[in-house]
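Working notes for the structure below.
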Amino acid sequence: MILSDTEILAHIKRGTIVVTPYSRDCLGSNSYDVHLGKTLAVYESAVLDAKKHNTIRMFEIPDDGFVLEPNELYLGVTEEYTETHIHVPFLEGKSSIGRLGIDIHATAGKGDVGFCNTWTLEISVKKPVRVYAGMPIGQLIYFEVQGDILTPYNQKQSAKYTGQTHKPVESMMWKNVW
């Protein structure tokens with residue numbers, strides 16, 4: 001079941017959902033809007049290796065915006081830091097963003113119970129498009145979980161994306177044991 005606006009508000013008041021900065025204007029009927037942070041990143045290598053640490057180059061979006069180009073993967077970040085302690089958060093692009101040909105995630109739209117951080121965005125575009133820091137970029141939808149959670153994400157030994165950051169985070173696939 002997806003939480004409604006009244007349920008999202010109730011959980012924010014209880015502290016089981018945290019959004020910082022928070023604005024009541026960003027609350028939709030059943031979602032919360034998040035915004036593009038000021039930092040973007042691109043991978044330094046043209047060929048990525050799933051078994052190696054692929055480094056990124058970060059840069060700030062200028063006040064007059066930045067043009068995203070097709071055939072490039074950009075890592076972005078949400079302005080909002082979030083915590084979700086008893087729900088599963090899903091990050092989806094806003095329809096206005098999709099209509100500009102912007103995809104905000106390749107495969108990582110679902111968070112885990114216990115995820116506490118900003119969201120790294122895996123941004124790609126269909127045609128060149130200018131983006132701006134602070135623009136609405138996505139929406140968080142919260143799902144109820146049935147059953148007890150044995151180990152929330154922020155308590156897992158294997159969790160690779162913990163610790164508060166306001167910068168995009170590159171793939172940590174290289175840390176997996178396989």
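Please treat every number below as a calculation from the coordinates, not as lab data. Fair warning: this is a prediction, and the values are worked out from it, not measured in the lab.
Summary value for the chain: 30 percent relative contact order, contacts being C-alpha pairs under 8 angstrom separated by 6+ residues.
Using the structure shown, list the pairs from K127/K167; K110/K167; K38/K156 with a Cα-Cα distance above 21 Å, or answer none.
Values: K127/K167 25 Å; K110/K167 19 Å; K38/K156 29 Å.
Violating the 21 Å limit, Cα to Cα: K127/K167; K38/K156.
What is the chain by shape, rounded, prolate or oblate, if you read a ≥ b ≥ c off the alpha carbon gyration tensor as root eigenvalues and call it rounded for a/c under 1.5, prolate for a/b larger than b/c, and oblate otherwise? In terms of gyration-tensor shape, oblate. For the chain, the mean residue ellipticity at 222 nm estimated from helices alone is -2000 deg cm²/dmol, where every DSSP H run of n ≥ 4 contributes -39500 (n - 2.57) and the total is divided by all residues, rounded to the nearest 500.
Rg/Rh for region 1-105: what does it come to with C-alpha atoms and Rh from Kirkwood? Expressed as Rg/Rh, it is 1.03.
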